[in-house]
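For reference, the structure is listed below as structure tokens.
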Amino acid sequence: KDAELLALATAIRDGQADEIIQMKQWLSDAGTGIDMGHSMGDSMGGMLTDSELAALKSATGSTFDRLWLQGMTGHHDGAIHMTQMIEDAQNPVIKKFGQDIVTVQSAQNKQMQGMLQRIK
């Protein structure tokens, strides 16, 4: 119900739509499947476990807001970490893709940390 959280969630959804399309295309071009599953535990940083997803689904109000912010912050941290794999890319499109993720998601993490302090 938090207006700032709703606006941020919409911005994240809309901002990442093109990224998801691009990554799926890269996987397709490489002949790799695109469905890696959602609950990947420790194998991919920032992915919520099934129990974390269940807790989020059953939460309401400020508890939901807090869990969502914590989960999305971790998800962004995982994405930022994964961009280290492409930071030395020779392909300028891939290199910029990674740099943009770090810039945008670092700023969003900073905003979410402030929101977590406010929502407590």
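The values are calculated or read from the model by the stated rules, or taken from the named source; none is laboratory data. Only a predicted model underlies this, so the values are computations on that prediction, with no experimental measurement involved. As a convention, Cβ positions derive from the backbone with ideal geometry for all residues, glycine included, and neighbour counts pool all protein chains shown. The area values use the complete protein model at the heavy-atom level, side chains included, leaving out ligands, DNA and RNA. Shrake-Rupley method; radii C 1.70, N 1.55, O 1.52, S 1.80 Å.
One table, with the values for the structure above:
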| quantity | calculated |
| --- | --- |
| Some residue of segment 77-94 being modelled with pLDDT under 90, loosely packed, with under 12 Cβ neighbours inside 10 Å and on the phi > 0 side of the Ramachandran plot | no |
| Segment 57-70: number of residues that are farther than 18 Å from residue 3 by Cα and surrounded by 13 or more Cβ atoms within 10 Å (Cβ to Cβ) | 0 |
| Any pair with Cβ under 9 angstrom, 6 or more apart, that starts in segment 69-84 at a residue that is free of Cβ contacts under 8 Å to residues at least 60 places away in the same chain and ends at one that is open to solvent by less than 30 Å² (accessible area, probe 1.4 Å) and of a type in the set (Val, Ile, Thr) | 76/12; 76/101; 79/101; 80/101; 82/101; 83/101 |
| Residues (open to solvent by less than 50 Å² (accessible area, probe 1.4 Å) and either touching a residue at least 24 places away in the same chain (Cβ under 8 Å) or part of a loop (DSSP other than H, G, I, E, B) (or both)) located in segment 12-31 | 12, 15, 19 |
| Residue 70 being among the polar types (S, T, N, Q) and in a helix (DSSP H, G or I) | yes |
| Matching residues, segment 45-56, being surrounded by 10 or more Cβ atoms within 10 Å (Cβ to Cβ) and either part of a loop (DSSP other than H, G, I, E, B) or among the polar types (S, T, N, Q) (or both) | 45, 46, 47, 48, 49 |
